[in-house]
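*Asks:* Mind having a look at this structure? Questions to follow.
None of the figures in this text is laboratory data; all of them are computed from the coordinates on show. All of these numbers come straight from a predicted model, not from anything done at the bench. All Cβ positions, even for glycine, are placed from backbone atoms using ideal geometry, and neighbour counts span all protein chains on display.
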Amino acid sequence: MSTLAEKRRALLLLRLQQKQAVEQDVSPVVPLKPTGTRPALLLVHAAGGSVAPYAALAGLLGDDQPVFGLEDPGLNGGAAERKLPEIAAEYLAAVRAVQPEGPLYLGGWSVGGAVALEMARQDQDVALVVALDTAFVDASIDSEGDGEVCPGGASGVGARGACLHGDEDGPGAGFGADVGAHGDDDELRAAFAADIAGMGAELSEAELAERFPVFAANVRAFLAYHPSHVDARVVLLCAEDSEPAYLDRWRAYSDEIHVVPGNHYTILQPPNIEALAQALRTSLSEVSKR
């Protein structure tokens, strides 16, 4: 069996080959495990933009479960500042180009969970949204369902806000507390370094320089956004170090909350990834029975 690092390297190589071979815009849809008879699961990238963190997870969801990633096109050059609803709309257009009919099954880790929720709000034909340790800031839930930005920006970011939280003593510690409502470059560079360390990624200076603008754009988009209630079934799979206030903000509009072993980063790493995969398989199976 390939190691997690080998799978990530293979996926990164695939994306490099696609980047070199295609002269036009690259679709954000990336096949992680394209075969299977069940409805495809679409996993939205986190702040870093890459779907490489999902490579191992995709292989643990069963032979019959197709999995596709939604990767930030900014990794292919020209990262742009976009509002989170604009990101969701762009990804929906790409997905519906290949799957024009039928309900979608969406998920995402960290920032990706927020984008998946917004996709569900916009499309309205979504069966399931699974957020993998996505935490929203205080008072960020929009009961009116308009999906607009928080007045004056996302206040209260210091309370370990969305995707930007980690084990207080581990990699990524203070991520949310150190990034202000609008995220200046110094704050974002510190957060980016913590994020790379948390994932255990080994990148060259050139790769780091290329990826930082993508990370910064996604974090800023997230900080200016608050979620809405959606009609889809919403499941939160949260890390075991989650604070009560984080879970309380989800209870108002999620259907299920399940705690999985690990912190924000290690839930996607062995041995914790097995438990995460099992919880995700269960959520997918329960929706398919409805």
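*Asks:* Using Cα pairs under 8 angstrom and six or more residues apart, how large is the relative contact order of the stretch 28-86, in percent?
*Replies:* Numbers: 92 pairs, mean separation 27.5, N = 59.
Relative CO of the stretch 28-86 lands at 47 percent.
*Asks:* For a footprinting-style exposure proxy, rank 37, 134, 282, 266 by other Cβ within 10 Å, fewest first.
*Replies:* Details: 37 8, 134 30, 282 14, 266 23.
Placing the least packed residue first, the sequence is 37, 282, 266, 134.
*Asks:* If you rank 258, 45 by fewest surrounding Cβ atoms within 10 Å, what's the result?
*Replies:* On the way: 258 15, 45 28.
Ascending number of Cβ neighbours within 10 Å: 258, 45.
*Asks:* For a quick check: sort 229, 264 by the number of other beta carbons within 10 angstrom, fewest at the front.
*Replies:* Numbers: 229 16, 264 30.
Going from sparsest to densest Cβ surroundings: 229, 264.
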